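Novice: Before I ask anything, let me first share the structure, which is written out below as C-alpha cells.
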Amino acid sequence: MASIQILDGGLGTSLQDQHGITFDSSTPLWASHLLVSDPTTLLACQRNFVTAGSGVLLTATYQVSIEGFARTKTPEFPPGIPRTAIGKYLRTALDVAEQARGTYGTKIALSLGPYGACMIPGQEYSGRYDAEHASEETLFQWHLERLRLFLEADENLAERVQYVAFETLPRLDEIRAVRRAIRAAGLDVPFWVACVFPGEEATLPDGSSIGQVVQAALAEMDGAAVPWGVGINCTKIYKLDGLVRELGEEVARAIGTGQIGAVPSLVLYPDGTNGEVYNTTTQTWEKPEGYTSDERGPWESQLAQVVTNARATGPFTSFLVGGCCKASHNDIRKLAEQLKAQ
C-alpha cells in the first residue's frame with residue numbers, strides 16, 4: 001500500500017488572494033517579508049493549510065537570502081537588515097510554523113528556493129543566473145552560506161524541522177550544489193529536491209533531461225547527501241502525468257543498472273492555477289482572454305489521477321503531494337479528501 005502525505009499549497013499567492021497582502025519591489029523577500037512585517041497574518045495563513053489537512057507544512061523561508069534582507073528596509077534598519085540581525089526572523093519562521101501546527105502533528109519542512117528566486121527579477125523559471133553564481137561551486141557556496149544562517153539562528157534546527165525542501169531548481173549544477181551544501185552544513189535531516197519544468201518540453205530551463213535530473217539528484221556523489229525525495233513543483237498540472245511517467249522510468253532504469261540504490265519518495269506540488277499565467281514583468285497572475293474552465297476537470301482530481309497512475313505504473317511507493325502557486329487551503333482540503341476517497 002502506497003504511503004501518501006499531504007503537503008500545503010502556495011503561501012505567497014494565498015497571502016495575496018486570501019489575506020490582501022501586496023508584494024512589490026519594496027518586499028524583496030516576498031512571502032518571507034511577513035517574518036519582518038506581519039507574523040500574525042502569516043500564522044493565520046499557515047494554520048489554514050494545517051486545518052485543511054496538510055501533513056507537511058513548508059516554512060515561510062523560500063526567498064530568504066542575505067541579499068534579500070539587505071534590500072529590506074525597516075524602521076529599525078533603515079538601510080536594510082544586516083546579516084547579524086537575520087537570525088531572529090528565521091527563528092520567527094520556525095516559531096510560526098510550530099504554532100500553526102498546534103496539536104495536529106503536522107511535520108515541518110524548511111523551505112529553500114533556488115538562487116534564482118532571490119534575484120531581481122526572479123530567475124527560477126529561466127535558470128539564467130549572474131556570472132557570480134553560474135557554476136556548481138559558486139552555487140554550492142551560496143546554498144551553504146544560507147544553510148549556515150539557519151543553523152546559527154537555532155542550534156536545535158535538526159530537531160525542529162522534519163524535512164528540508166530544495167524547491168523549484170532550474171539547473172543541473174544547482175541540484176548537485178544543494179546536495180553538497182546540506183552535507184557540508186552537517187544538517188542530517190531528510191530532504192527533497194523538486195525541479196521546475198516551465199516550458200512545453202520535458203526539460204529543465206537549462207535544457208537538462210529528466211534522465212540527467214535523476215542522475216544529478218540521486219546517483220552517489222562524493223561529498224553529497226542522497227535525498228529522501230525527488231520530484232516536481234511550480235509546474236503546470238497538465239504536464240505532470242507525462243513528466244512523472246518519464247521520471248519513474250528513469251528511476252527504475254537507474255536502479256536496474258545499479259546507479260542508484262533505492263527508490264526515493266515522489267514529491268509533487270504543481271501550480272494550482274485555474275488558467276492564470278504569471279507575468280514576470282508585472283509580477284501578477286493574469287487569466288487569458290476568453291478562458292472559462294479546464295476541460296480536464298478540477299485541479300484536485302487531475303492531481304489525484306497523476307498519483308493513481310504513478311502508483312500503478314512507476315516504482316514509487318511513497319508520495320508527498322500538495323500545491324504550489326495559486327493552490328489555496330481550499331484546494332488542499334479537496335485534494336486530501338480526493339486522495340482519501342481513493
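The values are calculated or read from the model by the stated rules, or taken from the named source; none is laboratory data. Being a predicted model, the structure only gives us computed values, none of them experimental. A quick note on method: Cβ atoms are made from the backbone with ideal geometry, for glycine too, and the neighbour counts reach across all protein chains shown. Accessible surface is based on the protein model in full, side chains and every heavy atom, while ligands, DNA and RNA are left aside. Shrake-Rupley method; radii C 1.70, N 1.55, O 1.52, S 1.80 Å.
Novice: Can you tell me how many residues within the range 229-246 are in a helix (DSSP H, G or I), open to solvent by 10 Å² or more (accessible area, probe 1.4 Å) and not β-branched (Val, Ile, Thr)?
Specialist: Selection size over the range 229-246: 6.
Novice: Being touching a Cys at 6+ places or on another chain (Cβ under 8 Å) and in contact (Cβ under 8 Å) with a residue 24 or more places away in the chain narrows it down to one of Gly211, Gly223, Gly231, so name that one.
Specialist: Unique residue meeting the criteria: Gly231.
Novice: Which condition number in (1) in contact with a Gly (Cβ under 9 Å, 6 or more places away or on another chain); (2) on the phi > 0 side of the Ramachandran plot is the one that Arg71 fails?
Specialist: The one condition Arg71 does not meet is (2).
Novice: Please enumerate the residues belonging to the range 49-77 that are in contact (Cβ under 8 Å) with a residue 60 or more places away in the chain, surrounded by 18 or more Cβ atoms within 10 Å (Cβ to Cβ) and outside any loop (DSSP other than H, G, I, E, B).
Specialist: Matches in the range 49-77: Phe49, Val56, Leu58.
Novice: Shifting gears a bit: For the range 98-123, which residues satisfy the criterion of being among the small types (Gly, Ala, Ser), closer than 19 Å to Pro170 by Cα and not in a loop (DSSP other than H, G, I, E, B)?
Specialist: At the first step, the residues of the range 98-123 found to be among the small types (Gly, Ala, Ser) are 100, 102, 105, 109, 111, 113, 116-117, 122.
After this cut, where a residue has to be closer than 19 Å to Pro170 by Cα as well, the list is 111, 113, 116-117, 122.
Once the filter is applied, which keeps residues that are among the small types (Gly, Ala, Ser), closer than 19 Å to Pro170 by Cα and not in a loop (DSSP other than H, G, I, E, B), the range 98-123 yields Ser111, Gly116, Ala117.
Novice: Something else: Which condition number does Tyr238 fail, the rest of (1) under 21 Å from Glu124 (Cα atoms); (2) touching a helix residue (DSSP H, G or I) at 6+ places or on another chain (Cβ under 7 Å) being met?
Specialist: In the conditions (1) under 21 Å from Glu124 (Cα atoms); (2) touching a helix residue (DSSP H, G or I) at 6+ places or on another chain (Cβ under 7 Å), Tyr238 misses (2) alone.
Novice: A further question on this structure: Could you look through the range 124-175, keep only residues that are assigned to a loop (DSSP other than H, G, I, E, B), crowded, with 17+ Cβ neighbours inside 10 Å and among the acidic types (Asp, Glu), and pick out the one that is farthest from the chain's Cα centre (by Cα)?
Specialist: Applying the filter and picking the extreme gives Asp154.
Novice: May I pose another question? Residue check, Ser14 against (1) surrounded by fewer than 21 Cβ atoms within 10 Å (Cβ to Cβ); (2) in a helix (DSSP H, G or I), all met but one. Which one?
Specialist: Here Ser14 clears every test but (1).
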